[in-house]
Amino acid sequence: MPAAVHIVPFAALLAAAIAPVRADELANLVNAYRAAPGTCDGRPAAPARALAVEPALSAIRIATGTFLESALQRAGYEAEHAEAITITGPRDARAAMDAIGQKYCRILLAPDFAAIGTAHVGNDWQVVLARPVAMPPLPDWPDAGQQILALVNAARAQPRTCGTQAFGPAAPVTWNPQLGQAALAHSADMAQKHYFNHKQPDGSQPPDRATAAGYRWRRVGENIASGQRTPAEAVASWLGSPGHCANIMNPGFTEMGAAYVVNPQNRNRTVYWTQVFGTPR
């Protein structure tokens, strides 16, 4: 019986339901094809780099009406681009590869993919190819805090409108290590407990954390962000939000600390940013 093959973009998946299991043999065959493709669509094809075999992609469950983006998220895999091929009929990995090799050679050879996950149950097979989100390396949190400080002071040097509130230039803020520690503690708490809020689960608020860090304050403000990949992205997101922007431009604040934390157990490498402003007593 001929194999039925479907190619599914980063949108709705229209495929028969299967319960994926690891099938590295097919992934290895795809990589062998990428190393020496021969031809594609009747023309000589250039080799492509090997794809990393990714367990999270192999574990994705594809069913009728499933959206690949949602399936990737449920598997804890963050991708900039992904596609899936499903096959019904082949009895083994070699037959599955033969079924998709030439017909979908352009997708299998696409240079922008970096990872693959393959799975099968009986005669139902699936291949998921993806390009994961690339996270640029971050400096140590004190260095990132200093970058944020410089960006904040550059913003404060210019007049700015935050939402409907107009601000004139403000004097630069200085780095305060106690506020830096308060920022680090809150970023760590959010990253470890997987929430995003100024209020911690124990009920503590920004002034409580500043006090716990040893800061004697007359005024405290806090900005938080999640998912931004660099200090510049974090500051840009704050400046684009009226309330956060108002904290940055507030001439009443004279000191600042900032930090980030990434939970190493978080597969998506989500970055949690905290910026604490203060005015000492």
**Residue that is within 28 Å of GLN73 (Cα to Cα) and buried (at least 21 other Cβ atoms within 10 Å of the Cβ), where the choices are ASN263, ASN197, ASN223** = ASN223
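If I filter the range 84-95 for residues that are hydrophobic (A, V, I, L, M, F, W, C), open to solvent by less than 20 Å² (accessible area, probe 1.4 Å) and part of a helix (DSSP H, G or I), do I get at least one hit? Steps first, answer last, please.
So in the range 84-95, the residues hydrophobic (A, V, I, L, M, F, W, C) come out as 84-85, 87, 93, 95.
When the remaining residues are screened for being open to solvent by less than 20 Å² (accessible area, probe 1.4 Å), the result is 84-85, 87, 93.
With part of a helix (DSSP H, G or I) added as a condition, the list becomes 93.
Yes, the range 84-95 contains a residue that is hydrophobic (A, V, I, L, M, F, W, C), open to solvent by less than 20 Å² (accessible area, probe 1.4 Å) and part of a helix (DSSP H, G or I).
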**Request:** Look through the range 147-173, keep the residues that are in contact with a strand residue (DSSP E or B) (Cβ under 7 Å, 6 or more places away or on another chain) and assigned to a helix (DSSP H, G or I), and return whichever of them is farthest from LEU184 (Cα to Cα).
**Result:** VAL152
**Prompt:** So which of LEU151, LEU179 ends up being open to solvent by less than 60 Å² (accessible area, probe 1.4 Å) and either closer than 25 Å to ALA258 by Cα or not polar (S, T, N, Q) (or both)?
**Reply:** LEU179
**Asked** Only one of (1) buried (at least 18 other Cβ atoms within 10 Å of the Cβ); (2) among the β-branched types (Val, Ile, Thr); (3) farther than 18 Å from TRP175 by Cα fails for ILE248. Which number is that?
**Response** (3)
**Request:** Would you mind telling me which numbered condition in (1) under 27 Å from the mean Cα position of the chain (by Cα); (2) polar (S, T, N, Q); (3) modelled with pLDDT of 95 or more THR230 fails?
**Result:** (3)
**Asked** Has the range 22-40 got at least one residue that is crowded, with 16+ Cβ neighbours inside 10 Å, modelled with pLDDT under 80 and closer than 24 Å to VAL133 by Cβ?
**Response** no
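The values are calculated or read from the model by the stated rules, or taken from the named source; none is laboratory data. All of these numbers come straight from a predicted model, not from anything done at the bench. No Cβ is skipped: glycine too gets one built from the backbone with ideal geometry, and neighbour counts run over all protein chains shown. Just the protein is used for accessible areas: all its heavy atoms, side chains included, with ligands, DNA and RNA removed. Shrake-Rupley method; radii C 1.70, N 1.55, O 1.52, S 1.80 Å.
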